[in-house]
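The values are calculated or read from the model by the stated rules, or taken from the named source; none is laboratory data. Just so you know, these numbers come straight off a predicted model, no measurement behind them. Please note: Cβ atoms are built from the backbone with ideal geometry, for glycine as well, and neighbour counts cover all protein chains shown.
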Amino acid sequence: MTMKKDYEDIPGTFVFDADRSREGYHLNQFCISLRQQANREAFNADEGAYLDRFPMTPEQRQAVLSRDWNGMLALGGNVYYTSKLAANDGINFQQLAGIMTGMGNEAYREMMVKGGRSIEGNRYKSEWGEE
Amino acid sequence: MARITAGVGCSHVPAIGVAMDTGITDQPYWQPVFKGFEKSRDWMKAAKPDVIFLVYNDHCTVFDASCIPTFALGCAAEFHPADEGWGPRPVPVVRNHQKLASHIAQSLILDEFDITIMNEMEVDHGLTVPLSVMYGEIDKDGEWPALVIPLCVNVVQYPAPTGNRCFNLGRAVRRAIESFDEELNVVIFGTGGMSHQLQYKRAGLINAEWDKRFMDMLVNDPVAASQIPHVEYLREAGSEGVEMVMWHVMRGALDEQVTEVHRHYHVPASNTAVGHVILENRG
């Protein structure tokens, strides 16, 4: 029996469940390795060589190299892991959200100061015109 | 006998820690966040807990994807602040009441809560930010005024434990603490939330109405609050809003009827709604 996913109809959201965790394992392990200063230095000195230590898929590797933040999430990454790569790049959580939403930092920050993204119209994929 | 006298619900936004660590709490953006904790700091001075039982989650800092315990109890002598990718927070080392922690571990397991025992562990902002907001700035060479027993809950990989399980765990934590033969004043913290989503295109979601209803229910109808299904947190409070299940551990450890002595709610702190309550047992 497969577990029912009653959260798949939430728009603009990847729920980091067992399937995503399995797919993203090596990508996420790479990201968390950047928690150590020595690893950050090794990665920054030669990204490709450092990434060779982690058996991720070519798509995941490319998403890392091109800093495709949404791509990493789509390939099993979780934001708490990818935020370690962002931190290495000098990008904080709010700036990262500005990138992932496509809004840019200023517009995103402005939205948050005004009370954040409303729940109205943002509960179901159908409200976004998605399946 | 050790007693739980009060509970604290509190967000643990990392940027709040950064604001305190860089001395910018009086800036207009941050001032309303910290204003709401002024009363809390006075309350902490009066309450003087000997021990804080602190329920929080690790944010893929100490626990990588290789090991994901649902409930991990800190039994080490001390817990150092972790480097989360931008250096450790300049706050004091967290010290444990080790005998009470191992008593709780034994009691919980015999009470059929099969927790993981951590004899070595660093702690991230999930644990240190609530201590900072409740106590104020303390130099890293100083000491936190209370001993701290960390309970780390997985809320990153779906599914987090259910609200019901968290609530019942809180009851078991109370039984454990109240069977410990030392006069101790224990305050329990449930941390995380409120509504927030940090990822993908719906990032920035805030649902203040839902958050406020959650706090009302938690205070006045805690069993009903503990029955909220995961999908409701994910949909209504954002994918990272599911952290709020940890507040049920705190509430489960308190009396059925509590006195709400303080509440604070503010949007935003970075990507997140900040929520905070202090609840006292009446007994």
Based on what the data block shows, is residue B:226 surrounded by fewer than 19 Cβ atoms within 10 Å (Cβ to Cβ) and not charged (D, E, K, R)?
no
Could you please tell me which pairs satisfy a Cβ distance under 8 Å, a separation of 6+ or placement on different chains, a first residue in the stretch B:234-250 that is surrounded by fewer than 24 Cβ atoms within 10 Å (Cβ to Cβ), and a second residue that is assigned to a helix (DSSP H, G or I) and basic (Lys, Arg)?
none
Among the hydroxyl-bearing types (Ser, Thr, Tyr) and either farther than 20 Å from residue A:40 by Cβ or outside the structural domain of residue A:49 (by TED's automatic domain parsing) (or both): does that describe residue A:108?
yes
Name, by its number, the condition in (1) touching a strand residue (DSSP E or B) at 6+ places or on another chain (Cβ under 7 Å); (2) over 30 Å from residue B:36 (Cα atoms); (3) in a loop (DSSP other than H, G, I, E, B); (4) not polar (S, T, N, Q) that does not hold for residue B:91.
(2)
What is the number of the single condition among (1) crowded, with 20+ Cβ neighbours inside 10 Å; (2) at positive phi that residue B:52 does not meet?
(2)
Regarding the stretch B:134-144, can at least one residue be identified that is farther than 30 Å from residue A:22 by Cα, crowded, with 20+ Cβ neighbours inside 10 Å and in contact with a Gly (Cβ under 6 Å, 6 or more places away or on another chain)?
no
For the stretch A:30-78, how many residues meet the condition of being under 9 Å from the mean Cα position of the chain (by Cα), within 12 Å of another protein chain (Cβ to nearest Cβ) and without any contact (Cβ under 8 Å) to a residue 40 or more places away in the chain?
3
Going by what's in this entry, would residue A:82 be described as free of Cβ contacts under 8 Å to residues at least 60 places away in the same chain, out of contact with any helix residue (DSSP H, G or I) (no Cβ under 6 Å at 6 or more places or on another chain) and assigned by TED's automatic domain parsing to the domain that holds residue A:33?
no
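Residues in the stretch B:106-123: is at least one touching a His at 6+ places or on another chain (Cβ under 8 Å) and within 24 Å of residue B:240 (Cβ to Cβ)? Give the steps one after another, and end with the answer.
First pass over the stretch B:106-123, keeping only residues touching a His at 6+ places or on another chain (Cβ under 8 Å): B:122-123.
Those left that are additionally within 24 Å of residue B:240 (Cβ to Cβ): B:122-123.
Yes - at least one qualifying residue is present in the stretch B:106-123.
Within the stretch A:111-130, work out how many residues are assigned to a loop (DSSP other than H, G, I, E, B) and either within 22 Å of the chain's Cα centre (by Cα) or at the interface with chain B (Cβ under 10 Å from one of its Cβ atoms) (or both). Please lay out each step first, then the result.
Going residue by residue through the stretch A:111-130, those that are assigned to a loop (DSSP other than H, G, I, E, B) are A:114-116, A:118-124, A:129-130.
Filter again for either within 22 Å of the chain's Cα centre (by Cα) or at the interface with chain B (Cβ under 10 Å from one of its Cβ atoms) (or both), leaving A:114-116, A:118-120, A:122-124, A:130.
Of the residues in that region, 10 qualify.
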Conditions (1) touching a Phe, Trp or Tyr at 6+ places or on another chain (Cβ under 7 Å); (2) on the phi > 0 side of the Ramachandran plot: number failed by residue B:136
(1)
Please work out which residue is farthest from the other protein chains (Cβ to nearest Cβ), limiting yourself to the stretch A:79-110 and to residues that are touching a Ser or Thr at 6+ places or on another chain (Cβ under 9 Å) and β-branched (Val, Ile, Thr).
A:91
If the requirement is being in contact with a Lys or Arg (Cβ under 8 Å, 6 or more places away or on another chain) and not aliphatic (A, V, I, L, M), which of these qualifies: A:39, A:70?
A:70
